[in-house]
Amino acid sequence: MTSPESELRAEPREASRKTLPCLCVDLDGTLIQGDTLIESFIILLGSRPWRAIQALFWILRGKARFKHEVARLVRLQPELLPYDPAVLEYLKSESSKGRRLLLVTGANATIAHSVAEHLGLFSGVICSDARENVTGKKKLAAILRAVKPEEFIYAGNSRADLPVWTQAKGAVVVRAPKSVLKSIQRSGVPVENVFASPKTSIFMLLKATRVYQWTKNALVLLPLLLSHRFFSLNSLAIGARAFFAFSLCASAVYLANDILDLPNDRRHSRKKHRALPSGQLSVPAAVALIAVLLAGCAFLNPTPAAASLLALYFVATMAYSLYLKRLLIIDVVMLAGFYTVRLLYGGAATGVRVSVWTLSFSMFMFLSLALIKRISELRSGASEDGLENSRRAYQQNDMNQMSALCAGSGCVAALVIVLYVNSPEVLSLYSRPQLLLAIFPLLVYWQSRMLILANRGAISTDPIVFSLQDRASRATALALLVVVLAAI
């Protein structure tokens, strides 16, 4: 039974509900920093690529049907969506004043109702179904049917919402273009609140494109170094073009991979703070940035042969991201192959033939590093936070066999150096080739140390990035350089 005191407390709240206009809130681009249809399609593309291609044909039956079919195949987790914290705080404040809130969205009913249930702020939901796409004038008609004879305030973000704003008592504008805000003001509708778009910083874009990972692409310069043509200005200029072309392509790949990994990254304790998962960078903006990066890559690429290798790299990495990374051992073999492609690309760009010795060393050494990456992920607990959720094929009890394979690959890579020193090819490049034998113990030391650190859980980043920050690794690299220079 309700006490008289609680009835008295409820009366002001009910009175305020009657005096305050209903607040109708859009979902995509307003309540969340993103688009639920795009995110659903990305999940479908990442999990079932063939169904995603099939889904494109549903557009022929209308956008409402397309949204319905995608929502039927993909269940978005509302707790993982990138809600705008400022908008969410505003809605909670308005709800506490007794204002009635409606979620009004063009998103499919499955998504809209799950979001409303998760937040617990809305007294009703207006949304699309399999037959009707509730946007523009259709959204306005649905709102008027739901709130009459009340007045309403509308919170939205796009030009498609202008018909709704023109009939509203007030407007809440969220990250809308300036032209949209001016159109609302010219219509005479009072603007009650404006949530401006956050400024896109260069630093955020550099992080999103992983410029710090460009150090890996220095491998494209290795053929020049090994052929002793590194000090030819013409060759060095071509090598620099190749380095930046491959780096731009790699950054496009990182962004595309982040788009496909969006749901998994949002569950990850560290990756959820990246630009895309956090909502700082929208998926359409990321796609546009990928196009710019690929255009820059095509402009800088030195030769047609090198261009074909770049195309192979891009296609292979997409296949890896979509499916092959889930396959046992195939994923680490492909990672080793990606590094070897860098060497081949550098050779094709500069006109240097990459020897079978270099390719053999590369495959075994980078297979070892790829296994170290997987071991460190398992050992550091990433399997609970990301590895299993991203459908990797590895388990904790695979650790011993992976470590044995890693150690074997590293030793074979070092053995390739010994065989190379005793080959006829070495005499044309080095006057004292026997000194190169010192590379063997240095490589065995470095690779063994990395494996031990990975098994201890001490490597939390990419092994190559870790090596650049590790004092012992830098000292080993310096010692290797001294040995090579002494052997010339």
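Details
- Among the trypsin sites (Lys or Arg not before Pro) in region 282-358, those located in a DSSP loop and surrounded by at most 15 other Cβ atoms within 10 Å of their own Cβ are Arg353.
- Those trypsin sites (Lys or Arg not before Pro) in region 194-243 that DSSP places in a loop and that have at most 12 other beta carbons within 10 Å: Lys199
- Region 322-379 - charge dipole about Cα centre, Lys and Arg +1 at Cβ, Asp and Glu -1, debye rounded to 20: 100
- Under Stokes-Einstein, with the Kirkwood radius over Cα pairs as Rh, the value for the chain at 4 °C and 1.567 mPa s is 50 µm²/s.
- Burial ordering of Thr317, Thr303, Thr340, fewest other beta-carbon atoms within 10 Å first: Thr303, Thr340, Thr317
- Tail fraction, Cα-Cα pairs, region 202-487, threshold 32 Å, whole percent: 26
- Calculated over region 12-195, the projected area of the Cα convex hull averaged across directions stands at 10.3 nm².
- Measuring nothing but how far apart in sequence close Cα pairs (under 8 Å, 6+ apart) lie, relative to its length, region 249-327 scores a relative contact order of 40 percent.
- Student exercise, the chain dipole from Lys, Arg, Asp, Glu Cβ charges, in Debye to nearest 20: 680
- Farthest towards the positive end of the charge dipole of region 81-220, among the residues Val147, Phe195, His113, is the Cα of Phe195, using unit charges on the Cβ of Lys, Arg, Asp and Glu.
- Taking the chain and dividing mean pair separation by its residue count, relative contact order in percent (alpha carbons under 8 Å, at least six apart): 12
- Mean Cα-pair separation over length for region 202-487, i.e. relative contact order, pairs under 8 Å, 6 or more apart, %: 18
- Restricting the chymotrypsin sites (Phe, Trp or Tyr not before Pro) of region 177-257 to loop positions (DSSP other than H, G, I, E, B) with no more than 12 neighbouring Cβ atoms within 10 Å leaves Phe231.
- Lysines whose Cα lies under 19 Å from that of Lys139, excluding same-chain neighbours fewer than 8 positions away: Lys63, Lys67, Lys148, Lys169
Every number here is computed from the coordinates shown, using simple stated rules; none is lab data. Owing to the predicted nature of the structure, the values given are computational and were not obtained by experimental measurement. Don't worry about glycine lacking a Cβ; one is built from the backbone with ideal geometry, like all the others, and counts go over all protein chains shown.
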